[in-house]
Every structure is written in structure tokens, then in C-alpha cells.
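> Next up is a structure, given as C-alpha cells.
Read-outs throughout are calculated quantities, based only on the coordinates presented, and are distinct from any laboratory measurement. Everything quoted here is computed from the prediction, not taken from an experiment. Don't worry about glycine lacking a Cβ; one is built from the backbone with ideal geometry, like all the others, and counts go over all protein chains shown.
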Amino acid sequence: MRVTVSLAALIAVLTAVSAAHLSVTRDADESSRQSAAPAPAPIDTQMMSSAPSAKEIAFAAPERNRQLALAIERALVSRDSQYLETVFNFVLPELLREEPERVVAMFAQQEPGESRNALRDEVARQWIMKDRDAAIEWMSSLEQADRTASVTIATRALAAINPAQAITLADQFGVGSDDGSLEHIVQIWAAEKPAEAVRWIEGQPPGEPRTAQLRARIEHGRSR
């Protein structure tokens with residue numbers, strides 16, 4: 001029963017968020033149509049009075065974001081993996097987009113443990129794809145262990161779409177060279193997009209051991 005209620009609450013929050021965005025879009029479209037029409041039709045004053053104004057929507061945003069954060073916090077303590085996955089997939093991206101500062105504050109308040117680590121990893125994975133600079137700033141502010149773990153996750157996420165950026169990120173924080181993960185990224189890159197990987201390695205400083213190692217990985221990846 002607890003899980004059902006939690007999921008129902010999550011759905012209610014998501015519905016409210018979607019409705020708010022729909023209202024904004026609908027109001028914007030209506031305003032555009034009215035400005036383009038040479039002779040606007042009479043306005044239903046009753047409908048106007050019931051429609052949320054831009055001021056009202058802006059006023060409701062903090063409460064909506066508070067509810068989103070509350071849904072995430074409840075999921076973190078629920079120990080229900082399906083519920084947590086749902087929240088991470090739908091609620092966390094919304095809050096990162098609307099009010100990332102609230103996500104940062106929420107993580108800072110978490111007690112050490114599995115739930116905190118899960119939130120850290122998911123924030124790193126999602127935020128690096130949405131706002132790279134903001135994500136790097138946040139990761140830079142973390143303690144060493146959290147910083148290394150979050151950068152590792154972010155690097156893996158970036159590697160799937162932009163290996164060059166992933167390598168740059170790993171180099172910036174000094175991760176991935178000791179465990180071979182950087183070499184693995186380069187090797188996979190070379191196997192999937194050899195010409196792109198070769199162009200990248202040609203632009204790296206020559207004569208450095210690291211460049212030689214990555215070049216060897218690229219050659220290995222191209223030969224597979």
C-alpha cells in the first residue's frame with residue numbers, strides 16, 4: 001500500500017507539472033494568434049478570469065519545485081527501487097531544469113550512505129548532459145571521494161555521445177588514467193568511429209606517454 005500511495009503521489013506531481021507547462025504553452029499560442037488576427041473575437045471574461053496568469057504561474061513554481069524535491073526525498077528513503085527509478089527518470093530531470101540549486105541543497109543535506117550515493121551519481125549523469133558547466137562547478141565543490149565518483153559517472157555518460165568531451169572532463173579532474181577507463185573509452189571510440197578518433201589523437205601533444213598509450217588503443221580499436 002505504501003508503494004501504491006507513493007507512486008500515486010508521484011503521478012499527481014508530474015500531472016501538475018505537465019499541466020503548468022501546458023497552460024504556459026497554451027497562453028503563449030493564444031497570445032500569438034490574437035496579435036496576428038486583424039479583428040479578434042469577443043473574449044469570454046469568465047474564461048479569462050479562470051485562466052492562470054503569468055504572475056500566478058510564476059508564484060506557483062516554488063511550490064511545484066518543492067513538491068518535486070519532496071517526491072525525490074521520499075523515493076530516497078522508500079527503499080523501493082522501482083519507485084526510485086521512476087523518480088530519477090521523470091522528476092529529477094524536471095527539477096534539474098527548473099531549479100538545480102534545490103537539487104544541490106537536497107544532496108548536501110543527505111546523510112552518507114547508499115541513497116546519497118545514488119542521488120549523487122544520478123545528478124552527475126543527468127546534469128553533465130544538460131548543463132556541462134554547471135555540473136562541473138557542482139562536482140568541483142564536492143569532497144574528494146564524491147568528486148571522483150561523480151566525475152567517473154559523468155565521464156561515462158559523456159562518452160556515449162561525445163568521447164572527446166568525456167576525455168577532457170576526466171583529464172580535468174585526473175580520473176580514469178589509473179584504472180584504464182580512459183583507454184577503454186578511446187578504444188570503443190576507435191571501433192565505432194575510427195576516423196573521428198584518429199583526428200582527435202592527431203591533435204594531442206606528441207611525444208607524451210599518455211598520447212602514445214591512447215594512440216595504441218585507437219589502433220587496437222580500429223583493428224577489431
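> Per-residue counts of other Cβ atoms within 10 Å, averaged by peptide: what ranking do you get for 68-74, 122-128, highest first?
122-128, 68-74
> Moving on. Which semi-axes, in whole Å and largest first, does the equivalent ellipsoid of the stretch 75-204 have when worked out from the alpha carbon gyration tensor as the square roots of 5 times its eigenvalues?
Working from the Cα gyration tensor, I get semi-axes of 29, 15, 14 Å.
> Give the peptides 138-148, 89-99 in descending order of average Cβ contacts within 10 Å, highest first.
89-99, 138-148
> Regarding the stretch 176-223, what is the average projected area of its C-alpha convex hull, in nm²? Show your work: numbers first, answer last.
Details: hull surface 11.8 nm².
With every direction weighted equally, the projected area is 2.9 nm².
> Counting Lys +1, Arg +1, Asp -1, Glu -1, what net charge surrounds MET139 among other residues with beta carbon under 10 Å of its beta carbon?
0
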